[in-house]
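S.K.: Okay, here's the structure, questions in a sec.
The values are calculated or read from the model by the stated rules, or taken from the named source; none is laboratory data. Please read these numbers as outputs of a predicted model, since none were measured by experiment. For neighbour counting, all protein chains shown are included, and Cβ atoms are generated from backbone atoms with ideal geometry for every residue, glycine included.
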Amino acid sequence: MTTPVYVLGGYQTDFARNWSKEGKDFSDAFGETVAGTLDATSLEASEIEVAHVGNFAAELYCNQGHLGGFFAELDPAFAGVPTGRHEAACASGSLALMMASAEIEAGRYGSALILGLEQMKTVDPATGGDYLGTAAWFDQEAKGVAFPFPSLFAGLGDVYEERYGLKQEHLTRIAEINYTNARRNPHAQTRAWFDGDVATQICEGKYDRDVAGRLRVRDCSQITDGAVGLVVASEEFAAQYAAKRGVELESIPRVLGWGHTAAAIKFETKLAQASDSEYVLPQTRRAIQDALGRAGLEDIFGVDGVETHDCFTTSQYMAIDHFGLTPPGQSWQAIEEGVIDFDGELPFNASGGLIGGGHPVGATGVRQILDAHRQVTGTAGDYQIEGASKIATLNIGGSATTSVATIIGR
């Protein structure tokens with residue numbers, strides 16, 4: 001039987017902030033988030049036994065590597081605590097969670113602090129596009145392309161259109177749902193962007209501008225400065241933690257199931273290797289199935305909500321059928337029937353996701369787990385899914401080169 005990994009809670013910066021305009025850099029956010037995470041969980045630095053950082057490209061955006069060394073800069077209690085940094089493009093935060101969880105399951109440590117962060121507003125959009133392009137095969141897919149990832153994920157939509165048919169209205173509805181959900185979330189980057197009807201406004205002006213292929217501005221996730229911290233723990237540590245606070249151990253959420261897969265880095269290679277599969281991205285499907293299986297769930301309707309990786313509306317469209325809400329290629333059914341609406345049978349991205357909430361690349365996977373924790377503990381405020389006891393997440397890196405799925409629940 002797998003050793004349980006408990007999620008004690010965490011802290012999130014406001015994703016609407018611009019750290020440079022505040023006269024701050026990633027080290028300031030690093031310190032704020034670690035302090036906020038310890039405060040949110042009522043823990044001392046001396047109670048953290050290991051720490052992991054999820055980050056994609058601090059060397060590019062901030063000219064800084066070796067991020068684990070900043071823990072001991074914050075508090076002498078972190079001196080000697082083992083640290084590490086993990087990179088898997090947009091799934092970097094989830095990789096930090098996977099590694100921390102594995103160490104706890106192995107019995108090496110009883111508690112782990114996970115920090116996901118990215119400062120992305122240090123460069124102009126074209127330079128940022130090049131930086132993000134390194135999550136693909138740069139020389140073959142991104143070099144000389146102004147915005148390589150919108151192009152790649154427009155291509156994902158092209159595959160769906162060729163195989164099954166795809167209507168633009170369904171992608172637009174995904175964007176509308178995520179922007180609308182973000183208005184309920186006090187941490188969301190776009191929460192104050194719209195002062196009226198979201199459905200109308202995202203189809204006008206700058207939101208209707210072409211980006212790449214079928215994708216318009218409204219279809220794309222945000223460039224975000226953000227950091228998220230989280231503490232996970234062994235059953236022994238969590239039991240002591242619960243006893244000190246007078247709560248039941250069973251009330252603390254844990255990682256019920258997980259899946260982690262990798263595919264080829266080049267999008268065309270993925271498609272060629274998946275030519276015999278009814279799923280466009282079979283390795284992403286496998287990660288989801290592994291998470292559901294480890295959680296003992298027959299299908300996705302055993303959870304109460306999903307936080308998925310909507311780097312573009314096409315990636316959320318993919319996630320709907322890959323999670324199993326519909327047969328392959330029929331994601332439009334769940335959209336038209338309102339299944340994924342905030343008040344639907346299985347809400348997607350109650351937080352606003354990446355399109356509405358923001359996408360600081362290295363922090364996104366950690367943010368998804370923290371939002372799952374909020375939902376399961378009933379502390380999500382205005383974006384609370386009523387009665388939520390289990391939440392699924394999907395975090396992908398590159399053009400779904402890395403896929404990490406989890407089930408978080410009581």
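S.K.: Would you confirm whether any residue within segment 97-110 is touching a residue at least 24 places away in the same chain (Cβ under 8 Å), over 22 Å from Ala238 (Cβ atoms) and either among the hydrophobic types (A, V, I, L, M, F, W, C) or out of contact with any Gly (no Cβ under 6 Å at 6 or more places or on another chain) (or both)?
M.R.: No.
S.K.: Can you find a residue that is within 22 Å of Ala102 (Cβ to Cβ), in contact (Cβ under 8 Å) with a residue 12 or more places away in the chain, among the hydrophobic types (A, V, I, L, M, F, W, C) and out of contact with any strand residue (DSSP E or B) (no Cβ under 6 Å at 6 or more places or on another chain) anywhere in segment 233-253? Walk me through how you get there before you give the answer.
M.R.: First pass over segment 233-253, keeping only residues within 22 Å of Ala102 (Cβ to Cβ): 233-241, 249, 252-253.
Narrowing the set further to residues that are in contact (Cβ under 8 Å) with a residue 12 or more places away in the chain leaves 233-238, 241, 249, 252-253.
Subset that is among the hydrophobic types (A, V, I, L, M, F, W, C): 233, 237-238, 249, 252.
Remaining after also requiring out of contact with any strand residue (DSSP E or B) (no Cβ under 6 Å at 6 or more places or on another chain): 249.
Looking for residues that are within 22 Å of Ala102 (Cβ to Cβ), in contact (Cβ under 8 Å) with a residue 12 or more places away in the chain, among the hydrophobic types (A, V, I, L, M, F, W, C) and out of contact with any strand residue (DSSP E or B) (no Cβ under 6 Å at 6 or more places or on another chain), one finds at least one in segment 233-253, hence yes.
S.K.: Can you tell me how many residues within segment 173-197 are over 14 Å from Ala350 (Cα atoms), out of contact with any helix residue (DSSP H, G or I) (no Cβ under 7 Å at 6 or more places or on another chain) and at pLDDT 95 or above?
M.R.: Result for segment 173-197: 2.
S.K.: Among the residues of segment 249-259, is any surrounded by fewer than 18 Cβ atoms within 10 Å (Cβ to Cβ) and among the aliphatic types (A, V, I, L, M)? Spell out the reasoning first.
M.R.: Within segment 249-259, the first condition is being surrounded by fewer than 18 Cβ atoms within 10 Å (Cβ to Cβ), and the residues that meet it are 249-251.
Still in the running and among the aliphatic types (A, V, I, L, M): 249.
Taking every residue of segment 249-259 in turn, at least one turns out to be surrounded by fewer than 18 Cβ atoms within 10 Å (Cβ to Cβ) and among the aliphatic types (A, V, I, L, M).
S.K.: Out of contact with any helix residue (DSSP H, G or I) (no Cβ under 8 Å at 6 or more places or on another chain), free of Cβ contacts under 8 Å to residues at least 24 places away in the same chain and either outside any helix (DSSP H, G or I) or at positive phi (or both) - does that describe any residue in segment 285-297?
M.R.: The answer is no; no qualifying residue exists.
S.K.: Kindly indicate whether any position in segment 198-218 is at pLDDT 95 or above, hydroxyl-bearing (Ser, Thr, Tyr), crowded, with 17+ Cβ neighbours inside 10 Å and touching a Lys or Arg at 6+ places or on another chain (Cβ under 7 Å).
M.R.: Checking segment 198-218: at least one residue is at pLDDT 95 or above, hydroxyl-bearing (Ser, Thr, Tyr), crowded, with 17+ Cβ neighbours inside 10 Å and touching a Lys or Arg at 6+ places or on another chain (Cβ under 7 Å).
S.K.: When both residues are 6+ apart or on different chains and their Cβ atoms are under 9 Å apart, which pairs have a first residue that lies in segment 47-65 and is assigned to a strand (DSSP E or B), and a second that is crowded, with 18+ Cβ neighbours inside 10 Å and of a type in the set (Phe, Trp, Tyr)?
M.R.: Val50/Tyr109; Ala51/Phe71; Ala51/Phe78; Val53/Phe30; Val53/Phe70; Val53/Phe71
S.K.: Could we say that Thr284 is surrounded by fewer than 16 Cβ atoms within 10 Å (Cβ to Cβ) and modelled with pLDDT of 95 or more here? Explain how you work it out, then say what you get.
M.R.: Working: surrounded by fewer than 16 Cβ atoms within 10 Å (Cβ to Cβ): no; modelled with pLDDT of 95 or more: yes.
Answer is no for this residue.
S.K.: Tell me which residues, restricted to segment 129-141, are among the aliphatic types (A, V, I, L, M) and either modelled with pLDDT under 95 or in a loop (DSSP other than H, G, I, E, B) (or both).
M.R.: Of the residues in segment 129-141, the ones among the aliphatic types (A, V, I, L, M) are 132, 135-136.
Once the filter is applied, which keeps residues that are among the aliphatic types (A, V, I, L, M) and either modelled with pLDDT under 95 or in a loop (DSSP other than H, G, I, E, B) (or both), segment 129-141 yields Ala135, Ala136.
S.K.: Which residues, counting only those in segment 132-157, are in contact with an Asp or Glu (Cβ under 8 Å, 6 or more places away or on another chain) and free of Cβ contacts under 8 Å to residues at least 24 places away in the same chain?
M.R.: Hits for segment 132-157 are Gly133, Ala142, Pro148.
S.K.: Yes or no: segment 120-128 includes at least one residue that is part of a helix (DSSP H, G or I), among the small types (Gly, Ala, Ser) and surrounded by fewer than 21 Cβ atoms within 10 Å (Cβ to Cβ).
M.R.: Kept after step one, since they are part of a helix (DSSP H, G or I), are these residues of segment 120-128: 125-128.
Narrowing the set further to residues that are among the small types (Gly, Ala, Ser) leaves 126, 128.
Filter once more, so that each one left must be surrounded by fewer than 21 Cβ atoms within 10 Å (Cβ to Cβ): 126, 128.
Scanning segment 120-128, I find at least one residue that is part of a helix (DSSP H, G or I), among the small types (Gly, Ala, Ser) and surrounded by fewer than 21 Cβ atoms within 10 Å (Cβ to Cβ), so the answer is yes.
S.K.: Within segment 351-397, how many residues are surrounded by 24 or more Cβ atoms within 10 Å (Cβ to Cβ), β-branched (Val, Ile, Thr) and under 25 Å from Arg17 (Cα atoms)?
M.R.: Residues flagged as surrounded by 24 or more Cβ atoms within 10 Å (Cβ to Cβ), β-branched (Val, Ile, Thr) and under 25 Å from Arg17 (Cα atoms) within segment 351-397 amount to 7.
S.K.: Going residue by residue through segment 126-140, is there one that turns out to be touching a Gly at 6+ places or on another chain (Cβ under 8 Å) and either closer than 29 Å to Ala58 by Cα or among the acidic types (Asp, Glu) (or both)?
M.R.: In the first step, residues of segment 126-140 are kept if they are touching a Gly at 6+ places or on another chain (Cβ under 8 Å); the result is 135-136.
When the remaining residues are screened for being either closer than 29 Å to Ala58 by Cα or among the acidic types (Asp, Glu) (or both), the result is 135-136.
Yes, segment 126-140 contains at least one residue that is touching a Gly at 6+ places or on another chain (Cβ under 8 Å) and either closer than 29 Å to Ala58 by Cα or among the acidic types (Asp, Glu) (or both).
S.K.: Next question. Report yes if Ile355 is under 14 Å from the mean Cα position of the chain (by Cα) and under 14 Å from Ala295 (Cβ atoms), otherwise no.
M.R.: Taking the combined requirement at face value, the residue does not satisfy it.
Residues checked against (1) surrounded by fewer than 16 Cβ atoms within 10 Å (Cβ to Cβ); (2) under 28 Å from Ala262 (Cβ atoms); (3) at pLDDT 95 or above:
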residue	(1), (2), (3)
Phe26	no, yes, no
Asp39	yes, no, yes
Ser42	yes, no, yes
Val53	no, yes, yes
His66	yes, yes, yes
Gly84	yes, yes, yes
Ala88	no, yes, yes
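S.K.: While we're on this one: In segment 246-267, what count of residues is obtained for those that are more than 16 Å from Val376 (Cβ to Cβ) and under 16 Å from the mean Cα position of the chain (by Cα)? Let's see the steps before the verdict.
M.R.: First, pick out the residues of segment 246-267 that are more than 16 Å from Val376 (Cβ to Cβ): 246, 259-267.
Next, from what is left, pick out any that are under 16 Å from the mean Cα position of the chain (by Cα): 259-261.
Within segment 246-267, residues that are more than 16 Å from Val376 (Cβ to Cβ) and under 16 Å from the mean Cα position of the chain (by Cα) number 3.
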